[in-house]
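Engineer: The structure's right below; bear with me while I get my questions together.
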Amino acid sequence: MEQRIFAVGDIHGTLGKLRTLLDRLPVTEQDTVVFMGDYINRGPDAKGVIDLLLEFRAHHPDTVFLLGNHEYELLEYAHTHDTEHLQTLRRLGVEATLESYGDAPVSALRDLSFMPAEHAAFLEELLPFYRQDGYLFVHGGVTPGCTPEECPLDVMLALRGSFLTDPWQGPETVVFGHTSFQTPFVAERKIGIDTGAVLGNLLTAVELPRLRFYHA
């Protein structure tokens, strides 16, 4: 059987939709599953989402977890204690994440002490991007004219604008999240799969190379 890649869009604490979507994916032990980042914030159950992702990885070793801008801001604050990152986290809805961990105080963000050690380790191990079979998976996008290795991490995780509007000249098809669409975005060598699950829309996954979409 041909090896397939499944990529899952931004989850943002929407545990019910994630559970339903994973149940619908026809994943086998030969397949790779890539999660595109933004597991936390805004939605009601970030803790449950990470628990389920860790359980999923235990049964599917070929699972890849990417870093999203929401995890990046949390880790940067924990590493640097720079209050600018805390202000950004508040804008990004980090209170919902703290509530999912038993109404933890904001002060616990400084050292991730509000979450179990395996959850903190999960965040620390998230990848900035991933390549396989002619696809480049990245949370936000890549600045035109740059490779992902050259693009600053904070830019790559939050990129919209020029990446969406300018032609992509890289050798791979870019699969990305971060920018939410009502339906999956498909353009020349670009596939966007954030369909706004936390905004009341669907959680989306794509099967590659078939380009088949699944929703919950």
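Engineer: Restricting the search to segment 80-114, which residues are small (Gly, Ala, Ser), surrounded by fewer than 17 Cβ atoms within 10 Å (Cβ to Cβ) and within 24 Å of GLY140 (Cβ to Cβ)?
Structural biologist: none
Engineer: Can you confirm whether GLY48 is farther than 22 Å from TYR135 by Cα and surrounded by 22 or more Cβ atoms within 10 Å (Cβ to Cβ)?
Structural biologist: no
Engineer: Can you tell me how many residues within segment 61-79 are surrounded by fewer than 18 Cβ atoms within 10 Å (Cβ to Cβ) and out of contact with any strand residue (DSSP E or B) (no Cβ under 6 Å at 6 or more places or on another chain)?
Structural biologist: Residues that pass the stated criteria total 3.
Engineer: Additional query: Among what's in segment 31-79 and is of a type in the set (D, E, K, R) and closer than 23 Å to LEU136 by Cα, pick the residue that is farthest from the chain's Cα centre (by Cα).
Structural biologist: The selected residue is ASP31.
Engineer: Next up: Out of the residues in segment 1-12 that are modelled with pLDDT of 95 or more and more than 11 Å from the chain's Cα centre (by Cα), state the one that is nearest to GLN182 (Cα to Cα).
Structural biologist: PHE6
Engineer: Further question on the same structure: Output the residues belonging to segment 13-31 that are open to solvent by 10 Å² or more (accessible area, probe 1.4 Å) and of a type outside the set (A, V, I, L, M, F, W, C).
Structural biologist: THR14, GLY16, LYS17, ARG19, THR20, ASP23, ARG24, PRO26, THR28, GLU29, GLN30
Engineer: Further, regarding this structure: Checking ALA121 against (1) in a loop (DSSP other than H, G, I, E, B); (2) at pLDDT 95 or above: exactly one of these is not met. Which one?
Structural biologist: Going through (1) in a loop (DSSP other than H, G, I, E, B); (2) at pLDDT 95 or above one by one, ALA121 breaks only (1).
The values are calculated or read from the model by the stated rules, or taken from the named source; none is laboratory data. Keep in mind that this is a model prediction, so the values were computed, not measured. When we count neighbours, we look across all protein chains shown, and the Cβ atoms used for this are built from the backbone with ideal geometry, even at glycine. In case anyone asks, the SASA skips ligands and DNA or RNA and just uses the protein heavy atoms, side chains included. Shrake-Rupley method; radii C 1.70, N 1.55, O 1.52, S 1.80 Å.
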